[in-house]
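Trainee: For reference, the structure I am asking about is given below.
The values are calculated or read from the model by the stated rules, or taken from the named source; none is laboratory data. In this text, all values refer to a predicted model and were calculated from it rather than measured experimentally. Virtual Cβ from ideal backbone geometry, glycine too; neighbours counted across all protein chains shown.
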Amino acid sequence: MNAISASAVTKPRFGGRSGGDFIREYFVYIALAALIVFFAFASPYFMTTQNLANIGRQTATVSIVAVGMAFVIINAQIDLSVGSVFALCGMASALVMQHVVNFWLLGALAAIAVGVVFGFLNGLVTVKLGVPSFLVTLGMLGVARGIALLITDTKPVLISNPAYFQIFGESTFLGLPIAVIWTLVIVAIGVVVLHKSIFGLRVFATGGNPQAARFTGVNTQRTIILSFVITGALVGLASLLFTGIAHAARPDLGSGLELDVIAAVILGGVSLFGGRGTIIGVLAGSLIIGIMNNGLVLMGVSSSVQQIIKGIIIIAAVSLSKKR
Amino acid sequence: MSTPKAQTGSDSQVMGTLLQATGVSKLFSGIYALKDVDFDLKAGEVHALLGPNGAGKSTLIKILDGVQPQDQGSVEVDGRPRNAGDIATVFQELSLIPSLTVAQNIFLGNEIHNALGLLRTKEMNRIAKVLTDRLGLDLRPEEPVENLSVASRQLVEIAKAIHRNARVLVLDEPTSTLTKADQLLLFTSIRDIQKAGVGIIYVTHRLTEVFELADRVTVIRDGRKVLTAQVSDMEMKSLVSVITGTKSDEVGPSAQDFDRFVPADETQPKTGPRLHVSMLSGDRFSDISLTVAPGRIVGIAGLIGTGRTELLETIAGVRRSSAGDIQLDGQSVAFKNASQALSAGVALVPEDRHQSGLVLQHSILRNLTLAHSKALRRGPLVDEGAARTLVRGLVETLQIKAASMGSPVQSLSGGNQQKVVFAKWMQPGVRVLLLDEPTQGVDVGARQEIYKVVHRFAEEGAAVLVVSSDFVELQELCDEIYFMTSTTMSEPEPVTAKMTDQYIYSALNERVIKSHERDQR
C-alpha cells in the first residue's frame, strides 16, 4: 500500500527533461556564444583587446542596473523609471561636487542617495497605495526626467575631480577597466544576496505566490520596497560610472535605458511573472545587449535599424520566457 | 441523538483544553458571517468542523488562525491570548511557492542562517528530508514544489506546519484533491501528529472521514454553531440532517447513505455506443479502451497521476493522442483543439474551474452568454434580450443561488460556481459530457443538486464520463465504473448496492499492484 501511494505521490508532473527545456534553460548562454562568434567573423575589429575593454565599459551600466531590476522583476514588479533616475543621479553628483564640496565620495553618495529615494518612493507607492508598479514607475519616469531638466534649465554640468574619474571612470585594475571591476563586484554581491540570503529567498517567495508568502509570515511589502531601493542605489552607482568617463552630467542621459535593462533581465531568464531567475543569467543577458549595441555599430548598422533589431529581440525573448 | 454532548474527554490521547474560542462574531458589511460561536479543541484531539458552503467555516478558521480579526469574542490558546505561530493552517488554496524547493518552502519565514543572514541550505535540506520522510513522503528536498503532485504538496504543507511547532493544526478540506491511497497516508500522518499532543481542526465535506478520523464534531450553519458532539454518539444520517438543516427522512436517499440500492438501468436504449475509445495512448496513459452509451453515466476510478485528467483532455481535443482511436457515434474523430470538439458536441468540465472553467470576475450573465454566444448571435452582435432570457432560464433550472444574474461568479459559493460551469454546457447538441472531479470542494447539499444536473444531461441522451477521486461519488452517480491504471483499463463493472467505496478502493488497489508487478518484470 505504502509503496503504491509513495510512487503515486512522488511521480513528477512531467517526465524527463526534453530537448526543448534544455534549450530554453540555457538559451541565454547559447545566444551569447552565438552572438560573439557571429560578430567575431563579421568585424575584424570586434575581438581586439581595445574593443573588448570598450564592451566591458559600455555594458557596465546595463549590467549593474539589471542586477537591481532582477530583484524587482522576480518580485513580480517592474521599474520603468531607471533611465530618468539615472540622469537625475548623475546631475546630483555633478551639482554637489560643483556647488558644495568637490569631494568624490560626496558626489557618489549624492547620486546613490537620489537613487535610493526614488527607489523607496516607487516601492512605497506601489505597496501602500496598491498602484501597479508599472504605472507608478511610468509616472516617476516623467517626474525624475522633469526634475533633471529643470534644475539646470537643461544645461549639462561639468565635473572636475581627478579622484572621481579614477575611481569611477578611467583607471584599470588587474588589466581590466574599473567599470568591469565594479560590474563583477555588484554581480558577486547580487548572487550572494539573491541566491544565498534570507532576503533573496523572500524575494522569490513574494514573486512566486504573494498570498502564500504573506500567510507564511513574509513581510512582502518590505521585500518589494527593498528591491526597489536596491535598484535605485544601483542606478546611482551606474550613473557614476558614466559621468566618470564623460566628465560631465547631462539631464537627457539614460533615455531608453529601461528598455535595455528589462530586455537584459528577461533575456537572462527571469520570469516577467515573478518567482524565478538567476543573477548569472541576467549578466549574460546584459552582455548580449552590450555586445549587440557594440557589434551593430562596428558593422555600420544605423542607430534606427539598431532600435528595430533590439525591439524584435525583446519581444522574442519575452515570448520564450512565457513558455518557461 | 443530535443533542450537544458535554465535553467528556474519555479518550486516552485527549488531554486538557488547548484552544478555546468564546462568543466569536464576525460581520461582513453589516451581515453576521459568524454569530456568537463557541469552539474548543483539546490537545491530541481531531475535531471535525462541518457545515454547508457559506456557513462560515472558512471565516471561523481564519479567525482562529488570526488571518482575520474577529469583531467580538476571544480566542485563547492554553488560557492566554493566541500568539502568532500557535496555530498553523493548511488552507484549501495551497500556500506554497511553486518555484521554490520543498526545503525552501518548509523553512520560508523561519530560515536557518548564519550570522551574516546567509542561508544554511544543506542543514535545511537535511531537516526537510527528515520531516518529509516521517510523513511517508519520498522526495528530494531540492525538488521544486511545482514538480510535485497535489497530494505531496499537501503533505509538504503539513511538514511546514509541524516544523513550526504549531500547537494547533487546521486542515481545510485536505482530501478534496487526494485519492484514497494518498488519503490513507495523510490519515496516518494525522494520527502521528495527534499522538504528539497537537490538536487538529479538520474541515471537510466528506462525512465518512469524520467517522474514520475525528473525536468530536462541530457543525455550523448560517454563521451559528448548531452542534458539538462526540463522533461516537453520532450517526451518519443524523449528521447529514444537522448539516442540511432538514429532518432525517427528508434527506434524499442518496445523501451519503450506503443503504441505497442503485438499480442497473434496464431501460438502456439499445443503440450503438455514443463514445468509443480504443487503444488510446497519450500523455501519461497508454492503451486505454472504453465505451459509453447515450444516456449512461460512466465513472473512471484511478489514482491521481495515472493520466485520468489527461485521458479526458485528450478526448476533448485539448491534448493530442499518440496512438489509438476515438469514435463518436461510430465515426472516428481527431479534434485538433477544444473548440472543434465542442462544435462536435464534446464538452469538458475541467477539474480546476477557477482556471479553466470560468472568468471569476465576470458576472453569471457574461460567463453564460459567452458559452452560448452561438445561439445568441444576431449578425456580429449578441442579442442581449435573448441572452437574459436564456440565462434566467438556466439560473432557474439549475437553482443557482445568486443575488442576480449580474453578480460576479466569484461572489457565489463553490457549489453554485460549479453549477454555472454546468450551465455553460446546457445547450442542445452536447453529445458527450466529460466531468473531471465534478464536485470538488462542494458541500453535501449542493453536490446532490449537481448530480441532478448530471442526470438531466444523461436523460437528454448525452454520454457522461466522470473522473473522481471520491469513490462515494462514483458509487452514487455512475451506472458503471471502469478501473484505470496508467496502462490498463478494466472491463466496466455495473454499480450495485454492493459496490461500496471500500470495494472500489480495494478493487482499484489490486489492479495497481498487478500493473506494478507487470512493470517490474
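Trainee: What is the residue count in region B:281-303 for residues that are touching a helix residue (DSSP H, G or I) at 6+ places or on another chain (Cβ under 7 Å) and either modelled with pLDDT of 85 or more or surrounded by fewer than 21 Cβ atoms within 10 Å (Cβ to Cβ) (or both)? Explain how you work it out, then say what you get.
Mentor: Of region B:281-303, the ones touching a helix residue (DSSP H, G or I) at 6+ places or on another chain (Cβ under 7 Å) are B:282-285, B:288, B:295-297, B:299-303.
When the remaining residues are screened for being either modelled with pLDDT of 85 or more or surrounded by fewer than 21 Cβ atoms within 10 Å (Cβ to Cβ) (or both), the result is B:282-284, B:288, B:295-297, B:299-301.
Of the residues in region B:281-303, 10 are touching a helix residue (DSSP H, G or I) at 6+ places or on another chain (Cβ under 7 Å) and either modelled with pLDDT of 85 or more or surrounded by fewer than 21 Cβ atoms within 10 Å (Cβ to Cβ) (or both).
Trainee: Let me ask you something else. Check B:Arg224, B:Arg126, B:Arg167 and return the single one that is assigned by TED's automatic domain parsing to the domain that holds B:Leu108, among the basic types (Lys, Arg) and either farther than 24 Å from B:Gly56 by Cα or surrounded by 21 or more Cβ atoms within 10 Å (Cβ to Cβ) (or both). Don't jump to the end; show me each part of the working.
Mentor: Working: B:Arg224 fails: either farther than 24 Å from B:Gly56 by Cα or surrounded by 21 or more Cβ atoms within 10 Å (Cβ to Cβ) (or both); B:Arg167 fails: either farther than 24 Å from B:Gly56 by Cα or surrounded by 21 or more Cβ atoms within 10 Å (Cβ to Cβ) (or both).
Sole residue among the options that is assigned by TED's automatic domain parsing to the domain that holds B:Leu108, among the basic types (Lys, Arg) and either farther than 24 Å from B:Gly56 by Cα or surrounded by 21 or more Cβ atoms within 10 Å (Cβ to Cβ) (or both): B:Arg126.
Trainee: While we're looking at this one, here's another question. Might you check whether a residue that is in contact with a Ser or Thr (Cβ under 6 Å, 6 or more places away or on another chain), at pLDDT below 85 and either farther than 17 Å from B:Thr291 by Cβ or within 14 Å of chain A (Cβ to nearest Cβ) (or both) occurs anywhere in region B:487-498?
Mentor: The answer is yes; a qualifying residue exists.
Trainee: Tell me, which residue of region A:194-213 that is closer than 16 Å to A:Thr231 by Cα and more than 9 Å from chain B (Cβ to nearest Cβ) is surrounded by the fewest Cβ atoms within 10 Å (Cβ to Cβ)?
Mentor: Only one residue fits best here, namely A:Leu194.
Trainee: Here's something else I'd like to know. Restricting the first residue to region A:51-77 and requiring it to be touching a residue at least 24 places away in the same chain (Cβ under 8 Å), which pairs with a second residue that is among the acidic types (Asp, Glu) meet a Cβ separation below 8 Å and a spacing of at least six or different chains?
Mentor: Cβ pairs passing all conditions: A:Val62/A:Asp260; A:Gly68/A:Asp79; A:Met69/A:Asp79; A:Val72/A:Asp79.
Trainee: Going residue by residue through region B:366-381, is there one that turns out to be in contact with an Asp or Glu (Cβ under 9 Å, 6 or more places away or on another chain), in contact (Cβ under 8 Å) with a residue 40 or more places away in the chain, among the hydroxyl-bearing types (Ser, Thr, Tyr) and not assigned by TED's automatic domain parsing to the domain that holds B:Val346?
Mentor: no
Trainee: So which residues in region B:258-280 are modelled with pLDDT of 75 or more and of a type outside the set (Gly, Ala, Ser)? First the steps, then the outcome.
Mentor: Taking region B:258-280 and keeping what is modelled with pLDDT of 75 or more, we get B:272-280.
Passing the criteria: B:Pro273, B:Arg274, B:Leu275, B:His276, B:Val277, B:Met279, B:Leu280.
Trainee: State the number of residues belonging to region B:371-416 that are closer than 27 Å to B:Arg221 by Cα, in a loop (DSSP other than H, G, I, E, B) and acidic (Asp, Glu).
Mentor: Residues in region B:371-416 being closer than 27 Å to B:Arg221 by Cα, in a loop (DSSP other than H, G, I, E, B) and acidic (Asp, Glu): 0 in total.
Trainee: So, in region B:9-62, of the ones that are more than 19 Å from B:Thr204 (Cβ to Cβ), of a type in the set (S, T, N, Q) and modelled with pLDDT under 80, which residue ends up surrounded by the fewest Cβ atoms within 10 Å (Cβ to Cβ)?
Mentor: B:Ser29
Trainee: Scan region B:308-320 for residues that are surrounded by 22 or more Cβ atoms within 10 Å (Cβ to Cβ) and assigned to a loop (DSSP other than H, G, I, E, B) and jot them down.
Mentor: The answer is B:Ala316, B:Gly317.
Trainee: Name the single residue that is surrounded by the fewest Cβ atoms within 10 Å (Cβ to Cβ) among those in region A:222-236 being touching a residue at least 60 places away in the same chain (Cβ under 8 Å) and within 14 Å of chain B (Cβ to nearest Cβ).
Mentor: Of all residues in region A:222-236, those touching a residue at least 60 places away in the same chain (Cβ under 8 Å) come to A:223-236.
Still in the list and also within 14 Å of chain B (Cβ to nearest Cβ): A:223, A:226.
Numbers: A:Thr223: 24, A:Leu226: 19.
Here the residue is A:Leu226.
Trainee: Residues being crowded, with 16+ Cβ neighbours inside 10 Å and more than 14 Å from chain A (Cβ to nearest Cβ): count how many of those fall in region B:504-521.
Mentor: Qualifying residue count, region B:504-521: 1.
Trainee: Then there's this: On the basis of being of a type in the set (Gly, Ala, Ser), at pLDDT 85 or above and in a strand (DSSP E or B), does B:Ala347 make the cut? Can you show your working first?
Mentor: On the way: of a type in the set (Gly, Ala, Ser): yes; at pLDDT 85 or above: yes; in a strand (DSSP E or B): yes.
The answer is yes for B:Ala347.
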